[in-house]
1. Of all residues in region 410-423, which are charged (D, E, K, R) and closer than 12 Å to residue 168 by Cα?
2. Could you grab me the full set of residues in region 396-425 that are of a type in the set (D, E, K, R) and in a helix (DSSP H, G or I)?
3. Quick check: is even one residue across region 187-194 under 24 Å from residue 116 (Cβ atoms) and not acidic (Asp, Glu)?
4. Do the conditions hold for residue 176, that is, is it crowded, with 19+ Cβ neighbours inside 10 Å, in a helix (DSSP H, G or I), touching a Pro at 6+ places or on another chain (Cβ under 7 Å) and of a type in the set (Gly, Ala, Ser)?
5. In the list 478, 491, 487, 466, which residue meets the criterion of being in a strand (DSSP E or B), in the same structural domain as residue 131 (by TED's automatic domain parsing) and either surrounded by fewer than 24 Cβ atoms within 10 Å (Cβ to Cβ) or in contact with a Phe, Trp or Tyr (Cβ under 8 Å, 6 or more places away or on another chain) (or both)?
6. Out of everything in region 179-206 that is in the same structural domain as residue 138 (by TED's automatic domain parsing) and small (Gly, Ala, Ser), what residue ends up being surrounded by the fewest Cβ atoms within 10 Å (Cβ to Cβ)?
7. Which one of these does residue 407 not meet: (1) under 22 Å from the mean Cα position of the chain (by Cα); (2) farther than 22 Å from residue 452 by Cβ; (3) buried (at least 21 other Cβ atoms within 10 Å of the Cβ); (4) hydroxyl-bearing (Ser, Thr, Tyr)?
8. If I filter region 278-289 for residues that are within 31 Å of the chain's Cα centre (by Cα) and aromatic (Phe, Trp, Tyr), do I get at least one hit?
Amino acid sequence: MQNERTASFLAVGVAAIFVAALAPAMTLAAPQSSAAKAPLRQYTQQNPRWQRCDAGSPAAYQCATLKVPLDYSDPGGKKIDIAVSRLKAGSAKERRGVLLLNPGGPGGPGLSMPVDPELNLPEEVKRQYDLIGFDPRGIGQSAPVSCGLTDDEKNDERAYKAGTFAKDVEWARTVADKCRAKAGDTLRHLTTRNTARDMDIIRAVLGERKISYLGYSYGTYLGAVYTQMFPERADRFVLDSATDPGRVWRGMFQGMAEGAEPAFTRWSEWTAERHTTYHLGDTPAEVRETFRKLIARADRTPIDSGEVSLTGDDIRSELRAMFFHVRRAAERVAELKKAAEGEGSAPSGTPARATGSLPPAFARDVPSDNDAASAWAVLCADTRPWPRDPEQYRRDAIRDKARYPLYGDFASNIKPCAFWKRGSEPATTVDNEVEALILQNQWDPQTPLAGAQGMHRALHGSRMITVAGGEGHGIYGTDSCADKSATAYLTTGRLPAEDLTCRAPAGQKETPSSAP
C-alpha cells in the first residue's frame, strides 16, 4: 500500500564479522565448501561507487548500485542491481548511523526519498542519520520488471457483477499469463522477505552493525519482516500507517472495505450537520440515501465528469478513500449531485498520480507498467492462501458486497494472484519482541486503524501512538501530534512508556489518499 505523501505521494568494504553474522539469518542450504561458508561475502564486501545523483540536488546526495542475488538460496546464481542513495548526516559529531527509508507500495520507488521535500524530517533527525533511500528489487532503478500490460490491464478496480465476472476472470488470467511470459522465474523472487535480505546487504555494505528504519504503509510490513528475520540488526524502527502482518495480502484489500463503512457513517453524520452548505440531507439517513440515489442514477446514466463519464461503480471506487476526509468527500458528492441534475459537469475527483523524478545522471528507462507489475509480484508471491478457484472469488464478492456495500465487492473480486505462480517461500509470520514505534491516524483510508492494531499485537515490544480524529495516510512529518514522540524515539531511543492517543487539531493538515 503506497504512501501517497512521499510518492505524490503510492528504501535505497565491511569486516568479515559482518559476513559471518549475516549468513545464519538467510535460509540457505548447509555449506559444503570453504566458499559456501560465506556465501554472501561477494555481496557484503562490495565497494560501491558513489556518485552525485543529480546536479540539481545537494552534493551530499549520492547514488550507487549494489549487486544482490536474485535467489538467496542460490547466491552464486543470477545477480540483480539494487539502486541505493544516501544523504549524509548533517553533523559528523552527532551522527548515530543510518536511517533506511521506504515509501510503501508494494511498487513504490524510494531512491529519491532522502531529498523528497514532502518527507519533511526534523533537523535533529537529519543531523544524526545518513538518510538511505533505495528502490526495492524489481522497482524503478532496481532491475525493473514489466509484464507488458496495457492501461486497461493495469486497472484493478473491478466491481463484481454477474454479467461481467467472466471478463474479470479473463483479465486476471491474462495479467498473470503475461507476467509469467515476460518476467519468467524472476517474479517468484520479488518478495518482501528477499527485499528484507537486500536491506541487510545494504546494511553490511555500509559497514553498520544495525540499521534504523522509517517505513510507510507497505513499508511497515517490510520493516516488520526485517525485524523478524534480523532482530539483532534492528535498531530504531518507526512504522507509519501500518498494515496487519496477519492479513497480507488478500486480507489487506478486504480490510479497506471493512474500514470504509464506519468512515461512511462518520461522513454522513458530519455532512448532515452542514446541510445548509452541502444540501445533501439534514439527517445522516437522508445523506446516505442521497448518496445511494446518486449511485443508482449513475449506474443508469453515467455522470459527465468533464473528462470521463462516471458510473456508480466508478463513484464507489473513487469515494471509498475520500470518505475518510469528510470535508473533501462532502464537496465531491455535492459536485456529482449537481452534475447528475444537469447543473454543469463535475471535474474528475482523482488527482493525477505524481511520478517522482529520477536522478538524470543515474536513471535508466522504467517500463510504464512497472508499478503494477512489481506490485502484483509482491502481492501474489508473498503469500500462498490466495484462492485458486474463481468461484470462490465470486462467492466472496457477493458476500462482501452485502456486508460492506461501499467497496466489499471490489475488495473480494478476483485478482491475478488466483493464477500466479507460487512464490519462492512461504510468507513470514511476524511475532517478536523487537522494539518499534507505530504511528496511526484513526481515519486512514489505505491502512485502517484495525490493521495497525494487528501490527501492534504482532510486535510485542512496540508502542503505538493513535491520532484520534486524524485523517489521511502517512503521519510523520505532517506536523502531527505524533511527530514529537517519533522524533524523540529516533534521536534518543526512548519509546513512550505506554501506548498513547493524541488528538488531531481542528482544521488539521490532511494527507492525500489514493489507491495503494
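The values are calculated or read from the model by the stated rules, or taken from the named source; none is laboratory data. Bear in mind that the values here come from a model prediction, so they are computed numbers and not experimental data. Neighbour counts run over all protein chains shown; Cβ positions are idealised from the backbone, glycine included.
1. 415
2. 396, 399, 400, 401, 403, 409
3. yes
4. For residue 176, the condition - crowded, with 19+ Cβ neighbours inside 10 Å, in a helix (DSSP H, G or I), touching a Pro at 6+ places or on another chain (Cβ under 7 Å) and of a type in the set (Gly, Ala, Ser) - is met.
5. Result of the check over 478, 491, 487, 466: 466.
6. Only one residue tops the list, namely 196.
7. Residue 407 satisfies every listed condition except (2).
8. No - not one qualifying residue is present in region 278-289.
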